[in-house]
Amino acid sequence: MPDAWPALMRLEVACAYLGDICEDTFRKVCPVWPIDMGANVLVYRKAELDAWEASLPHRRPRGLREAADGGQDAPPAVANDRPMSPVERARARAKR
């Protein structure tokens, strides 16, 4: 099956290609510069968008992040099962 996405994409198509993100977000986060085709036509290269997308880091869940960092982000154990209040979390961070 051939690739259905064009090699050069206008902004709307590039946003859809990258997961249907909004144009404002695309402009803020995407470092890929458009190509000026003239007559007010700007397009993005699919290959450059793919390379940028592939370079994005994965977001790990908090539990995995704590394990990978050696538990540095782990909150202190609480005797009961109630969640810590923001004040308690701030105090715990200050003790480290």
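Considering the stretch 28-43, and only residues there that are surrounded by 11 or more Cβ atoms within 10 Å (Cβ to Cβ) and under 16 Å from residue 56 (Cα atoms), the residue that is nearest to the chain's Cα centre (by Cα) turns out to be 29.
Just for the stretch 43-96: of the residues that are in a loop (DSSP other than H, G, I, E, B) and of a type in the set (A, V, I, L, M, F, W, C), which one is modelled with the highest pLDDT? Before you say what the answer is, go through the steps one by one.
Quick first cut of the stretch 43-96, residues in a loop (DSSP other than H, G, I, E, B) only: 56-61, 69-85, 96.
Of the ones still in play, those that are also of a type in the set (A, V, I, L, M, F, W, C) are 56, 74, 77-79, 84.
Working: 56: 91, 74: 51, 77: 54, 78: 48, 79: 54, 84: 70.
Checked the stretch 43-96; the qualifying residue modelled with the highest pLDDT is 56.
The values are calculated or read from the model by the stated rules, or taken from the named source; none is laboratory data. Just so it is clear, the structure is predicted and the values come from calculations on it, not from any experiment. Cβ sites come from the backbone with ideal geometry, for glycine too, and all protein chains shown count toward neighbours.
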